[in-house]
Every structure is written in structure tokens, then in C-alpha cells.
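Enquirer: The structure's right below; bear with me while I get my questions together.
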2 protein chains.
Amino acid sequence: MFELAQSLADLLGPKGWLSGDEAQPYRRDWLNRYGEMPLGVARPTTTSEVGAVVSLCRQAGVAVIPQGGNTGLCGGAVAGKAGGVILSLARMAAIGQPDAASGSVVVEAGAILAALHEALLPRGLIFPLHLGAEGSARIGGLIGTNAGGSHALRYGLMQDLVLGVEVVLPDGSVWDGLRAVQKDNAGYQLRKLFCGAEGTLGVVTRAVLKLFPAPRQRVTALLCLPAWEAALRFGGHLRSEAAEFLSGLECFCDSGLSLSLKHLRELTFPLETRGEVYLLVELASASARVPLEEILTAALQWGMEQELVLDGALAMSEAQRGHFWRLREEQPEGQRLEGAQLKHDIAVPPGRLSEFIADGAALCESLLPGVRINPFGHLGDGNTHYNLSPPEGAVDFSGREAEIGQALAALATRMGGSFAAEHGLGRAKIGLADKNRSTVERELMARLKRALDPSGLMNPGVVIAWEPKE
Amino acid sequence: MFELAQSLADLLGPKGWLSGDEAQPYRRDWLNRYGEMPLGVARPTTTSEVGAVVSLCRQAGVAVIPQGGNTGLCGGAVAGKAGGVILSLARMAAIGQPDAASGSVVVEAGAILAALHEALLPRGLIFPLHLGAEGSARIGGLIGTNAGGSHALRYGLMQDLVLGVEVVLPDGSVWDGLRAVQKDNAGYQLRKLFCGAEGTLGVVTRAVLKLFPAPRQRVTALLCLPAWEAALRFGGHLRSEAAEFLSGLECFCDSGLSLSLKHLRELTFPLETRGEVYLLVELASASARVPLEEILTAALQWGMEQELVLDGALAMSEAQRGHFWRLREEQPEGQRLEGAQLKHDIAVPPGRLSEFIADGAALCESLLPGVRINPFGHLGDGNTHYNLSPPEGAVDFSGREAEIGQALAALATRMGGSFAAEHGLGRAKIGLADKNRSTVERELMARLKRALDPSGLMNPGVVIAWEPKE
């Protein structure tokens, strides 16, 4: 162990190898649920250094835990056992010159998502992935978790936006799959395999990402609706009327709004009406010739006539738009400040979301009467963060956490959905996966793991519990 | 062998098991380059029958070759050695009720693409994959080859359109991955792995496909341009001006037009001007409020002022639109009727297509002076079928086929592109893959193959040459 630490220190220098107190900030996950003390933190600056780190660890039989911005919610980027090496690509954060004619850009895995957004701004291009943690989340982690976020209904997940990748494999060799074309069918889709593998099959070091023309115009509305069923009906209408411009169709509920207004005093609510559900609707077009506001206004009018929409406001400025989005994005924070919480990450076929919310509420109530439900998230793609707070006055969930989580997972599964929609499995949801997915499916995944990482040292204990026999 | 044939005949009945003369129509590939005589053709009607066929073959040590519409161009759906069992899912062609609220539909793998298009027509929904062979190609084959086609620039490839799959694995067990959500990150993206695996890792039996609202309006133009460089510049302008409505940006060249007009006498050319390149541009919107024609007209006017566009016509009727598309889609047929031909399937970063066409032409000319170049295909995503006819007066390529193919593949590879963009590797391009891709990449693919199909009986000799040691 000491020998490995010495080799890594020699290889990477004082900025590239952190141990002891310096390693502490990398130790625990965002929700502070996981993370043992690592041997140290490797911070290489080149792909070949990454390869050397992985090789040295393999020779020493030491686990490698890739860590991006460490904003994940499932504990996939910290060590399950003491003594592993955390591999941070924070010093590999270069963003290449975008190729506007081809719509792509090469970035290093340590680049922060918001920095990429900013770098593209003056070029009239966008990388359309957006999520709450974009100020800290790094491209490598976003690829590893196959991140989704609030624009996925239009632009897809990370796997839809990655054209090519460079990966350091578990044996330290480098796969150069940095091709910059959408159509590449020369064999298995390896580039897709590394999206969502959570660093268990290798470490993504660079990627070619797909870019889109920046919107020339955008309209954003905050709406108040009487019920989830109404929200779904209105969402369906928007999907067909706002069509290819519909970039965001986000939702939160009245109980969540109350929590965020209570705990985040600077927030204000701009509508006069309260209802069960709020929608944040955003339309955007790269063409200046589309009557976006007219399209949205007509849809709103229809919604009001149908009594699906109670109240609403269009953002009149960029500041107001930011305020509307903040109301949606502070939902997790409002709930966190209320005390104990249970987070879930459910997707169901979008047309069945209100059914899930109702049936899920009944299940939760039967398991823990009075438990407070706070579903929010991405109405457009059926992904809701079906979060819970304890019953009014209670400080915890009376030990029913696992039961509730399993009940919701089973319900989503029966509806053709997922209990791990966009946060991945990490360490937190392996048990749920083993319970709710077939043994055939879990065995297929174990086979992939064994085939690509036979020594089992790449992020062990994440995605699959498998470890090689000693 | 006789025993296996008898078991399969017993299992599947007279309509489900074809041998001898009845198996002949399944034997050869579309281009009649590959295909040995199979033991017979299994035509099961249920997933469990598919599982039983695969199990029986495995017990007997006999290869299984999944075959869809058999329209592939790389020989991936016929037997490399005599005596295998061809597995056709033609009798599993059911198309489920589309779920309009969720934007998805369940289909059996034997469903023909055009039948799916037709079934969706009255529902106001589309499945946006389009290609020349859509009247014969089956969903299972389209998934197996990760098909692209002419709308991929807007809607992506098959892998972008498949939400869930059901797969019979090489041991005959069934993986039920028929989930109907975009966001499912409960482990490795298995659903993506089977897209493009060409039946070598299992047989796709059913799929959940993503649907979109049908366009309410569409405009189509046929344009004549002076050169490839102009076509790229105009294409770039369209990408930013026509933005999210740009559904098709197809190209063909003057030599190809001449061949199709010569051999397909019913074709007529509607423009008065000839140039080096022709573009077929299609804009579509699900919203009736977008001034599509105005957007396209403005772009055309800009193109003419910039001297990038020489001439053009908007389709004034559905019949005329069909005629424009036929000019593009008959390019392969016109060339085929001219005699010997060499087909290539190249993708490069879209902004570098004219560079590829010029450099490729010089390479070809140096290898075989006078060889006639006929690039056509998908300008929007950089995928060109860089096809060749022999020099005027010659009947063949003087034995330079492999050299030319390799020179073009190497050029595309150097440019960050692919030599197997949308037709896959099949049997035809394994050699090219072994030459133009790193050993690391090929070994990764071999590992996946060994992990999922250790007995090597699923479509052996396709994608990877690997076979298990006896």
C-alpha cells in the first residue's frame, strides 16, 4: 500500500496525489451517506497518466473509484471500502474548439457542465443537457451516470449526446473511440456501453459531444393546474401543439412549493392562484420566424377553456425566467431544509404519471399514515422525483424507508417504468435492482462486468455487487 | 442434424419449419454475395418458440442466423457455413396499440417498417425511421443493424428510437427489457447493446419504439448546386435557419443522376439546370403555426444570392414530393443497372464531407484511373454512400476493389469518421474493421461476444471472426 502511494506520488507530483487531510474533501458523497477513507486521491492531467494510475492500482490489487463533480445521489463516486484510490479528472477540464460546421466538440472528462455551456455561448451553439448540479457536475460523471435532466424530453440523455469517447480500460490500456459522427456501426456500440456504466467498466477521459444551434428565441411560462390528471392532459396537448419547440415540461406540487417558500425566504411565488400542480413550460427555437409566443398563448387559452389551467404567467425578462426556473430547481433544497427526507427517482410511461402518483400515494399512506408526498421533476418524460417527508410532527420514517422504496419501485416496474431513472444505481440501489429486475438481466450485467473488468477493481460495489473470488 | 431438423419440425409445424427448396429463398443475401445452404428456416410465432429454437440449436451445436427482411448489404443475415438454421421472425409481425399519451408502441420484431408507418397514420403519430428498403425491412433487422436512413439527422438512429427490447439470448433464455421509458438507468444500457449487434448476441423478439406527433405540414425542395463545397455551406445555413424542422437533407450528384435517368426511363428531372450536386431538402413541423414555406424560401433566396444554389423547385403536391424523393432513392438502382459497382458506406464529420469527397476522388483516381465516382446519401449527418462504377468502357475494377475500399476506409478513419456508417459490418466488413480499428477496440468487442455467447453459435462470422475453440 505504501509502495503504491509512493509510486502514485512520484508519478503525479504534489498537485496530482492527495492523501491524509487533503483527501478528506473527496471522501464522502453529496448526501453524506457513503464513503470510506481512500488511500489517496489521484489527479492526473493526461490520458496516459490516467492509464498509468489504473495500471499501478491493478498491479497492487487496489480499487479505483472514478469521481467527477461528486454530485451524484447514489453513492457511486466514493469508496465502499477503505484504502481505494479515488481518481479525479478535475485537472483534465479542457474544452476544445467547437466544430460548428459538424456540430460537435471534444472535451476532457473533467470539464464542468456549466463551463461548457459558457464556452459555447459566443459560438451560437448549445450543448443541451441541463440539470440542477450543472455548476459542479463534470462531463465524465455525467457520461458515467448517463445523466438526463430537464431538457431530455427534447434532446435525450447523455447517451444520445455522446458521439465518441476515449476510455481508460480496467487494465490501463486506452480505447480511442473519439469519432465525431452520429452514424458509426462498425460493430458493437461501445460508446453507448460506457454511458451509464458508472465507471465500473473503465474511466471516460475525453468525449466528442453533439452540439445544436443556439435558440434565437425562447418563451417560458409558469402555470398553476388543479390536479396531476389535468397536468398530463395539458402536457399531451403541448406535446402536439408546441411540437419540436417544447424544450422543458417540468412539474412540482403545492406541498413542495410550500416547503421551498417556507425555507428559502428569498423565493417569491408570482401567481395569485394556488393549485395541486405547477408546470414550468419552455419553448425554444433556433429560427426567428416561429411565432413561439403565439403558439404558447394559444395552448394556454385552450388549457383555460378546458379548465386544465387555473392561472399562469409568461416570463417577461431573463431575470423572471431565472426566477421561474429557480422555483422548480429549489424543490430538493426546500425539502432538505424541512428535515428527514426520502428521495426516489422514478420513471413511468409519461401518459401514466398521474396514475403512478395516485397509486404511489395510496401505497405510501398504507405503509406510513400521514407521510408527506412531494413529487416533482420532468413531466415530459415521465420522470418524477417522488420524494417524501415524514408525517407532520415526526422526525423520521419509523424505519419504513426500505419498504416504501421497494413498494414504489415495484409499482414503477409493473407500469413498464424504472426505479432508477436518471440517478443510476451507484451503491444505493443495487438491492432494489436485484429485487426488481430479472435474474436474467442482472446476470447479463454481471457478465459484462466480468468480461471487461475481470479483476473487479474498477469502482467495485457499484452497479453490481460482484467481486472476483480471491 | 437430422434429429435437430425433426425436433424443429415437430416444434414449429409445417409452416414454421422450411427445408430443401422451401428454404432456398432465404439462402442468399440481397446483393447475392453470401449465403450457404441452411439446414432449414425456422419461423416461430412466439417468443417462447424462438427460445426453444435457440435452445435446440445450441444443444445440437448448430449455428442460428437471425434474418429480418434480408435487405442488408453486408451479408449479416445469411449463413457463412452450410448447415445452420436461419431464424426468421416474419410470422411475429404484430403491431400493438400505440400509446399516444406516452409516445410509444410495442411491436414484434418481424413487423415490416412500412406496415408500422401505415398503422400509425390514422393515429396522428409517426415512427420517424425512413430508408429505401422500408417496404421489406423488418424491425428486428433494423434494430440488429442499428439502421439510420434519411431522417437520422433529426430523429437519430434506431438506437435512439428504441426504448425497450425483449431478446432471446444465446442460451435460449429470454431477457424482458420491454420498458417504455426514455430514462432508465438501472445499470448498464443493455437495450443499446443489442442495437447494432447484428444478431450475434441474441435475437430481438419485441421492442418498444418511440413515437412522435405526425407533422401537420411539410415542404420539400429539390435544388441544384454548383459543387460539394457549396452544398455544405448551404447545408450549414439550413441547419441554423430551418433548425428543428429540418427533417431531410439528402444529396446526390450529377453522374448518379445521369445513370438513373439513363436506366430508369420513367424518371424525369424537373429542373432546367444541371450542376455537380443536387439536394433534397425537407422541412416538417407538427405545428400548423410555423411558416415553413417562408423559412425555406428565405433560405433558398440567401443561397441564390450567395451563388450556392443554381436552381430549385418546391414540391407543389404529394405526387411531386414523391417524385423528388424517388430521384434520390433510385440512385442505387440507376448505378446497379449500369453494371459492376463498388458500394461504400462512409461517414465523416458533416462539415468535412466535401473534403472527403475530393480527397477520396483523388485516391480512387490514383488507384484506378477513370473510375467513376457517385457519392450520394445523407449530407445532413455526413454519411455518404461513396459508390463507384468502373471507368467508362471497362466492365470491372481490375481487381482493385479491396485496395480502393481500404483507402477510403483509412481516409474516413483519419477524418474521425466511419467506414461502416449505417449498413453494419456483417460478413463483408470484418476485414476492414480489423484493419482500421485498434486492437483494443476489436478485443473489447470480442470480449462482449465471448461473454454473451460463449458457445459462439449466434450468427457466427458476423461482426467478429471469433469462434470458440472446439
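The values are calculated or read from the model by the stated rules, or taken from the named source; none is laboratory data. Everything numeric in this text was worked out from a predicted model, so none of it was measured. Ideal geometry is used to build each Cβ from the backbone, glycine not excepted, and the neighbour counts take in all protein chains shown. Ligands, DNA and RNA are stripped out before the accessible areas are found, and what is left, the full protein with its side chains, is counted by its heavy atoms. Shrake-Rupley method; radii C 1.70, N 1.55, O 1.52, S 1.80 Å.
Enquirer: Could you please let me know if B:R437 is of a type in the set (D, E, K, R), within 7 Å of chain A (Cβ to nearest Cβ) and out of contact with any Gly (no Cβ under 9 Å at 6 or more places or on another chain)?
Expert: no
Enquirer: Using the structure shown, decide if B:S150 is more than 11 Å from chain A (Cβ to nearest Cβ), assigned to a loop (DSSP other than H, G, I, E, B) and surrounded by fewer than 24 Cβ atoms within 10 Å (Cβ to Cβ).
Expert: When the stated conditions are applied, B:S150 does not pass them.
Enquirer: Here's another thing I want to ask about it. Which residues, taken from segment B:183-236, are under 22 Å from B:I126 (Cα atoms) and free of Cβ contacts under 8 Å to residues at least 40 places away in the same chain?
Expert: Of everything in segment B:183-236, those that are under 22 Å from B:I126 (Cα atoms) and free of Cβ contacts under 8 Å to residues at least 40 places away in the same chain turn out to be B:K183, B:R191, B:K192.
Enquirer: Going through segment A:330-353 one residue at a time, which ones are in a strand (DSSP E or B) and either within 17 Å of A:L261 (Cα to Cα) or among the aliphatic types (A, V, I, L, M) (or both)?
Expert: A:L342, A:I346, A:A347
Enquirer: Now for a different question. Is it the case that segment A:398-420 has a residue that's hydroxyl-bearing (S, T, Y), over 19 Å from the mean Cα position of the chain (by Cα) and surrounded by 17 or more Cβ atoms within 10 Å (Cβ to Cβ)?
Expert: yes
Enquirer: Of the residues B:R321, B:R328, only one is in contact with a Phe, Trp or Tyr (Cβ under 7 Å, 6 or more places away or on another chain), farther than 24 Å from B:K429 by Cα and either at pLDDT 95 or above or surrounded by 16 or more Cβ atoms within 10 Å (Cβ to Cβ) (or both); which?
Expert: Exactly one of B:R321, B:R328 is in contact with a Phe, Trp or Tyr (Cβ under 7 Å, 6 or more places away or on another chain), farther than 24 Å from B:K429 by Cα and either at pLDDT 95 or above or surrounded by 16 or more Cβ atoms within 10 Å (Cβ to Cβ) (or both), namely B:R328.
Enquirer: How do the pairs read when you match residues in segment A:55-71 that are at pLDDT 95 or above and of a type in the set (V, I, T) with residues anywhere that are in a helix (DSSP H, G or I) and crowded, with 20+ Cβ neighbours inside 10 Å, using Cβ under 6 Å and keeping only pairs 6 or more apart or on different chains?
Expert: Note: pairs meeting the criteria are A:V64/A:V54; A:V64/A:C57.
Enquirer: Follow-up. Across segment A:1-44, what is the number of residues that are among the hydroxyl-bearing types (S, T, Y), touching a strand residue (DSSP E or B) at 6+ places or on another chain (Cβ under 9 Å) and open to solvent by 50 Å² or more (accessible area, probe 1.4 Å)?
Expert: So the count comes out to 1.
Enquirer: Something else: List the number of the failed condition for B:G377; all other conditions in (1) out of contact with any Pro (no Cβ under 7 Å at 6 or more places or on another chain); (2) among the small types (G, A, S); (3) at the interface with chain A (Cβ under 9 Å from one of its Cβ atoms); (4) surrounded by 23 or more Cβ atoms within 10 Å (Cβ to Cβ) hold.
Expert: Exception for B:G377: condition (3).
Enquirer: Still on this structure, please answer the following. Going by what's in this entry, would B:L432 be described as open to solvent by 20 Å² or more (accessible area, probe 1.4 Å), without any contact (Cβ under 8 Å) to a residue 60 or more places away in the chain and of a type in the set (A, V, I, L, M)?
Expert: When the stated conditions are applied, B:L432 passes them.
Enquirer: Kindly establish whether A:A197 is over 22 Å from the mean Cα position of the chain (by Cα), within 10 Å of chain B (Cβ to nearest Cβ) and surrounded by 23 or more Cβ atoms within 10 Å (Cβ to Cβ).
Expert: The answer is no for A:A197.
Enquirer: Here is a check on your reading of the model: is A:G156 within 23 Å of B:Y188 (Cα to Cα), touching a Cys at 6+ places or on another chain (Cβ under 9 Å) and buried (at least 18 other Cβ atoms within 10 Å of the Cβ)?
Expert: No, not satisfied.
Enquirer: Evaluate the following for B:L279: is it open to solvent by less than 40 Å² (accessible area, probe 1.4 Å) and touching a Cys at 6+ places or on another chain (Cβ under 9 Å)?
Expert: Yes; evaluated as a whole, the condition is true for this residue.
Enquirer: Still on this structure: Could you check, for segment B:92-109, whether at least one of its residues is at positive phi, in contact (Cβ under 8 Å) with a residue 12 or more places away in the chain and polar (S, T, N, Q)?
Expert: No, because not a single residue in segment B:92-109 is at positive phi, in contact (Cβ under 8 Å) with a residue 12 or more places away in the chain and polar (S, T, N, Q).
Enquirer: Do we find a residue being within 9 Å of chain A (Cβ to nearest Cβ), on the phi < 0 side of the Ramachandran plot and not hydroxyl-bearing (S, T, Y) anywhere in segment B:271-282?
Expert: Scanning segment B:271-282, I find no residue that is within 9 Å of chain A (Cβ to nearest Cβ), on the phi < 0 side of the Ramachandran plot and not hydroxyl-bearing (S, T, Y), so the answer is no.
Enquirer: Moving to a separate point now. May I ask you to verify whether A:A347 is among the small types (G, A, S), under 30 Å from A:R400 (Cα atoms) and buried (at least 18 other Cβ atoms within 10 Å of the Cβ)?
Expert: In short, yes.
Enquirer: I've got another one for you. Anything in segment B:345-371 that is within 14 Å of another protein chain (Cβ to nearest Cβ) and more than 14 Å from B:M415 (Cβ to Cβ)? List them, or say none.
Expert: Hit for segment B:345-371 is B:D345, nothing else.
Enquirer: Mind checking which residues of segment B:159-180 are hydrophobic (A, V, I, L, M, F, W, C) and either open to solvent by 10 Å² or more (accessible area, probe 1.4 Å) or in contact (Cβ under 8 Å) with a residue 60 or more places away in the chain (or both)?
Expert: Those that are hydrophobic (A, V, I, L, M, F, W, C) and either open to solvent by 10 Å² or more (accessible area, probe 1.4 Å) or in contact (Cβ under 8 Å) with a residue 60 or more places away in the chain (or both): B:L163, B:V168, B:L169, B:V174, B:L178, B:A180.
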